[in-house]
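The values are calculated or read from the model by the stated rules, or taken from the named source; none is laboratory data. In this text the structure is predicted, and so the values were computed from the model without any measurement. Methodologically, a virtual Cβ is constructed for each residue, glycine included, from the backbone with ideal geometry; neighbour enumeration extends over all protein chains shown.
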Amino acid sequence: MKYLLLFLLLPASYCCRALQNSIVLQGKIDRFPVVLEINGSDDSTASALYYYKSTGKNIELDGLHLGNTYFLHATSSNRSDNEDTLEQLTLTPGANGKYTGTWKNNKGKHYDVLLEPMDVAALKSPYIHLPAVQKMYKSDPLTYVRALQTDIIKDSVVTEGKYKIQYVHAGKTGIYMIQIIAGLSPKLMKDVNDILMDGLLEEADEFYSCSSPNDNESYGCDISSLYISDHILSLNLNVQYYCGGAHPDGGDSPINISL
């Protein structure tokens with residue numbers, strides 16, 4: 001089987017980070033489950049990225065690592081003065097390996113934080129072998145964790161000639177993809193579905209990574225056309241997004257697979 005994947009327009013997302021200074025934690029801010037990745041450096045600067053499991057959306061933090069404690073904050077612009085600070089997080093590791101601290105925002109909310117290290121390498125998923133997921137594992141462990149924990153929800157089934165096609169979408173993203181459930185040999189069907197699922201998880205990651213300084217970001221990806229015959233599967237993803245900057249953008253991401 002030969003195939004061609006073309007992803008023409010992908011928005012900039014949170015850049016890859018060095019794994020040797022990366023710690024992935026899971027736990028709760030108050031009663032809200034989160035996954036958080038802290039990235040240290042050779043000096044006292046530190047950064048973090050986390051998401052609430054209820055939304056999956058990236059929240060970026062910057063700050064300092066002084067002694068054993070991380071002092072992190074999120075701002076609404078590139079400036080770091082107090083007027084622009086949206087939230088603050090302090091974390092300190094304990095002798096038991098768990099991290100405790102506090103979270104507060106600019107609206108007066110104040111919560112306790114309890115996190116513990118996550119064994120990323122031990123996670124299991126039917127998607128762990130996909131190229132996009134393997135790339136995440138090597139370069140961005142938080143994104144990898146989120147991809148493995150993304151719920152793939154089945155939607156309608158349609159018939160196109162001899163093929164049965166299952167529409168699916170990724171969690172709360174509203175991003176759709178297809179899976180072939182009849183009409184191909186088992187091996188070819190698995191290979192084709194792996195390619196399609198790989199594309200879905202990549203687009204889902206772009207959705208979760210899309211952010212803007214004023215929290216007015218948007219990321220949409222629709223299947224604008226679909227064609228399948230005895231020899232080819234071709235679909236086009238129409239992507240429209242605003243992830244900060246002067247104006248929204250968009251374009252097409254075709255996926256063409258020879259059957």
What are the residue pairs meeting all of these: first residue in the range 12-36, first residue at pLDDT below 90, second residue small (Gly, Ala, Ser), Cβ atoms under 7 Å, and 6 or more apart or on different chains?
13/209; 14/209; 16/139; 21/40; 21/41
Just for strands (runs of 3 or more DSSP E) wholly inside the range 27-143: which have at least 2 residues that are closer than 28 Å to residue 170 by Cα?
32-39, 45-52, 59-66, 110-117
Test set (1) farther than 30 Å from residue 37 by Cα; (2) surrounded by fewer than 20 Cβ atoms within 10 Å (Cβ to Cβ) - residue 237 fails condition number
(2)
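Of the residues 55, 85, 75, which single one is within 27 Å of residue 237 (Cα to Cα), modelled with pLDDT under 95 and either outside the structural domain of residue 231 (by TED's automatic domain parsing) or among the charged types (D, E, K, R) (or both)?
Just one listed residue meets the conditions, 55.
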Residue 35 being under 21 Å from the mean Cα position of the chain (by Cα), outside the structural domain of residue 172 (by TED's automatic domain parsing) and hydrophobic (A, V, I, L, M, F, W, C):
yes
State yes or no: is residue 169 closer than 26 Å to residue 75 by Cα and surrounded by fewer than 20 Cβ atoms within 10 Å (Cβ to Cβ)?
no
Can you name the condition, by its number, that residue 108 falls short on among (1) at pLDDT below 95; (2) within 17 Å of residue 30 (Cβ to Cβ); (3) touching a Ser or Thr at 6+ places or on another chain (Cβ under 7 Å)?
(3)
